[in-house]
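The values are calculated or read from the model by the stated rules, or taken from the named source; none is laboratory data. Note that the structure is a prediction, hence the values are computed from the model and not measured. Positions of Cβ are generated from backbone atoms using ideal geometry, with glycine treated the same way; all protein chains shown enter the neighbour counts.
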There are 2 protein chains.
Amino acid sequence: MAGRKGRMVIGQSGGPTAVINASLAGAVLEAQRHAQIEGIYGSLEGILGIIRENMIDLVRERPETIAGLSSTPSAILGSCRYKLTPADFQRILNVFRAHNVRFFFYIGGNDSMDTAHRLGQLAAEEKYDLTVVGIPKTVDNDLPYTDHCPGYGSAARFTALAVRDAGRDTEAIGNVDSVKIIEIMGRNAGWLTAAAALAREAPDDAPHLIYVPERPLNLDRFLEDVQRVYDRLGHAVVALCETLRDESGNVIEESGLAADVDAFGHPQRGGVAETLCGLIKKRLGLKARFDKAGTIQRSFMAAASPVDVQEAMLVGEMAVRHAVAGVTDRMVTLERIAEEPYQCTTGLVELAKVANVEKRLPDDFLSPSGNDVTPAFVDYARSLLGGPLPPYVRLAKHPVPRRTAD
Amino acid sequence: MAGRKGRMVIGQSGGPTAVINASLAGAVLEAQRHAQIEGIYGSLEGILGIIRENMIDLVRERPETIAGLSSTPSAILGSCRYKLTPADFQRILNVFRAHNVRFFFYIGGNDSMDTAHRLGQLAAEEKYDLTVVGIPKTVDNDLPYTDHCPGYGSAARFTALAVRDAGRDTEAIGNVDSVKIIEIMGRNAGWLTAAAALAREAPDDAPHLIYVPERPLNLDRFLEDVQRVYDRLGHAVVALCETLRDESGNVIEESGLAADVDAFGHPQRGGVAETLCGLIKKRLGLKARFDKAGTIQRSFMAAASPVDVQEAMLVGEMAVRHAVAGVTDRMVTLERIAEEPYQCTTGLVELAKVANVEKRLPDDFLSPSGNDVTPAFVDYARSLLGGPLPPYVRLAKHPVPRRTAD
């Protein structure tokens, strides 16, 4: 353990979330408790800050600032999406040598875990004593070997709230705007879209249909689904993932389907929700509109899940604790140990196992119909939202007896 | 006053909001205190419920249900957008006669106030004793003679929160997605878009540019504005209204501008944000993306303004109180009587003065540059959001001195 003494660098990578700063706070607060860590540097704009030697001294930040990180969304150090070259890896090691950096923490998704793993490998090859620990983060919830990813619970909570409210909205004004499509983020996996199911309290509640990229979209079946819901309820609310693909594996807006919207056969540029709204209007003659909260859904702090915030801090804290204890080349994971009340602890997994691997929704979370999730998924996701959604009422609607003949 | 005794009907109209049910609750609770009101009927789907004689008995709802209305978004009675024919007005009066309805309350915007006014006129002509009072509602905040409209404060709070969070998001990942456009609702007025300004705490905070329909968009100036912000900050966040028009008065997606996006000259179908994202990519070579919360912004209960909820209840309650006191053909208004602490009372205005009139943002709320609002607007809007946004931190970012020569 003698070698494990020196400065630490921490960086944030990939798409921001509501709680990625909570992980930073957890790591910084824990690091300050260990004499082995002789300085805490933040790398600005992810790994780019090391390459550019553009780092800040986090020890000099005011304690109130560090404490306030867990209620401040997005990536306060700045982020990046950058694929490193061999020269970049060498450069990073040189910067680490120059500053006696012995600990590196990277908060990110599977790409970032790959970066962290390669950096650790290079350091080992060059016999530079470097401890590397990954801290998971992604609203996509697509990292393997962890029950779930910090960032997901908060985005899932926003999604459930937004779909519930937009669903009530369509229910009220369905005689004007009959169909609503809510487009939800997800790079290749439908975890966040699936969370729309948590909006439901009663069988006819929105969302009535859920489409995820794990199941290719059959357009005719989709239109039949929408028509059937509309015929039954007088409105239909659809939650679907931005990266939905057709049966040939093309994303919808680049597929042949999109061309169908335009009478001249020109493919439209809109996203999947907009394209499908066009098709619903054209083929079913129903008015359709879409909501696409975009980046709002991943960073909306006012609806953050308290469980998610707390777990994001925990994984940051545990990453540092493991690092000073000699663990390296690992990512911290979350392991669910109990339900009712929900309890989670942390574990560890080799970075190489996480690097560039995507965990998609498993079959038992998806209904055979291809347009919904299963109760098993709802059971999985419920606790991650950090408590039930605030209760809404419904009227009993006792009818007034008619008194006119018309 | 002797004649003013009988049943009441209440209906909800136009686009739902987070607090239109709070107005219903206020009216129902107040009505139950007056012996003159011998029955409380809710009309399903706005005025259509009367025409179809599709009404429910609100007195038979459980008290917990009525109490829960003020935390339940959207229009629980159902809404409509329907222009009445002369035959419809006659039909409504017949239904009212059949049920001895003597009080009619309509919660809605300027179209609904027109409907209520005409109905009152017809009743007067036919010597049918009917009291008609309007209850204001619209996230567009475009009703005249009232300081502001219930529904606006909550949608404004969501907008400020969403723009602040999406702004922090772009700030973090501006090296990838440099420009973000947030498209905000507004039928013909920019009040809700203007509320994006409440997201700012420091001079460089998002939104950096705000465009409202009160000022036609000059495309070249718009692109210059975006480029200038990007050059200074490395990213740019734009809040703009969905009904923005060009200098010829055309909505952007139907104007010549849109055609410019497509190499073949085909007009694109996207909304204004998507169209302008395309132009930013093509003309400035910057990556741009858009967020369009759509109906989520008008119904998102988790971010409702407590002031708005309370005022929505108040206008419902006051409408009933005025009606039983003999007032008719009026809409309840909100009158601001003090700042710090903010205080509001209610007033009355003739329905005819509100009917079909739109109040747009006045000049002194819009900066001469055409791309921002003034501090006077921010002062106007701040209290309506129901308290400051939760505090976020910023790092001081003490730089680590460089130690490498590269």
message: If I go through the range A:160-175 residue by residue, how many of them are under 10 Å from A:VAL237 (Cβ atoms) and either within 7 Å of another protein chain (Cβ to nearest Cβ) or in a helix (DSSP H, G or I) (or both)?
response: 8
Members of the range A:51-60 found to be facing chain B (nearest Cβ under 7 Å) and surrounded by 23 or more Cβ atoms within 10 Å (Cβ to Cβ), listed by number: A:MET55
task: Go through the range B:284-323 and give me each residue that's hydrophobic (A, V, I, L, M, F, W, C), under 30 Å from B:ALA123 (Cβ atoms) and crowded, with 23+ Cβ neighbours inside 10 Å.
output: B:ALA312, B:MET313, B:VAL315, B:MET318, B:ALA319, B:VAL320, B:ALA323
task: Report yes if B:ASN110 is on the phi > 0 side of the Ramachandran plot, more than 7 Å from every other protein chain (Cβ to nearest Cβ) and not basic (Lys, Arg), otherwise no.
output: no
task: Could you tell me whether the range A:10-20 includes any residue that is farther than 24 Å from A:PRO306 by Cβ and either within 11 Å of chain B (Cβ to nearest Cβ) or out of contact with any Cys (no Cβ under 7 Å at 6 or more places or on another chain) (or both)?
output: yes
A:GLU38, sole failed condition from (1) within 24 Å of A:ASN110 (Cβ to Cβ); (2) of a type outside the set (Gly, Ala, Ser); (3) in contact (Cβ under 8 Å) with a residue 60 or more places away in the chain: (1)
task: Determine, yes or no, whether A:SER71 is out of contact with any Ser or Thr (no Cβ under 8 Å at 6 or more places or on another chain), crowded, with 18+ Cβ neighbours inside 10 Å and within 8 Å of another protein chain (Cβ to nearest Cβ).
output: yes
statement: Condition set buried (at least 24 other Cβ atoms within 10 Å of the Cβ) and not β-branched (Val, Ile, Thr), scope the range A:131-147, selection nearest to the other protein chains (Cβ to nearest Cβ): answer is A:LYS137
query: For the range B:37-118, which strands (runs of 3 or more DSSP E) that fit wholly inside it have 2 or more residues that are more than 19 Å from B:MET331 (Cα to Cα)?
result: B:37-43, B:55-57
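Evaluate the following for A:ILE182: is it within 28 Å of B:GLY15 (Cβ to Cβ), free of Cβ contacts under 8 Å to residues at least 24 places away in the same chain and within 11 Å of chain B (Cβ to nearest Cβ)?
Values: within 28 Å of B:GLY15 (Cβ to Cβ): yes; free of Cβ contacts under 8 Å to residues at least 24 places away in the same chain: no; within 11 Å of chain B (Cβ to nearest Cβ): yes.
Judged against the criteria, A:ILE182 is not a match.
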- prompt: Since A:TYR128 meets every condition but one in (1) under 23 Å from A:GLY39 (Cα atoms); (2) surrounded by 21 or more Cβ atoms within 10 Å (Cβ to Cβ), which condition does it not meet?
  reply: (2)
task: Answer yes if at least one residue in the range B:341-350 is more than 19 Å from the chain's Cα centre (by Cα), modelled with pLDDT of 95 or more and of a type in the set (Asp, Glu), and no otherwise.
output: yes
statement: Flagged pairs (Cβ under 7 angstrom, 6 or more apart or on separate chains; first in the range A:376-400, within 30 Å of B:ILE40 (Cα to Cα) and within 12 Å of another protein chain (Cβ to nearest Cβ); second loosely packed, with under 12 Cβ neighbours inside 10 Å and among the aromatic types (Phe, Trp, Tyr)) are none
message: A:ARG321 - would you say it is basic (Lys, Arg) and closer than 24 Å to A:PHE103 by Cα?
response: yes
- line: Expected single match for facing chain A (nearest Cβ under 10 Å) and closer than 19 Å to B:LEU130 by Cβ among B:LEU44, B:LEU48 is B:LEU48
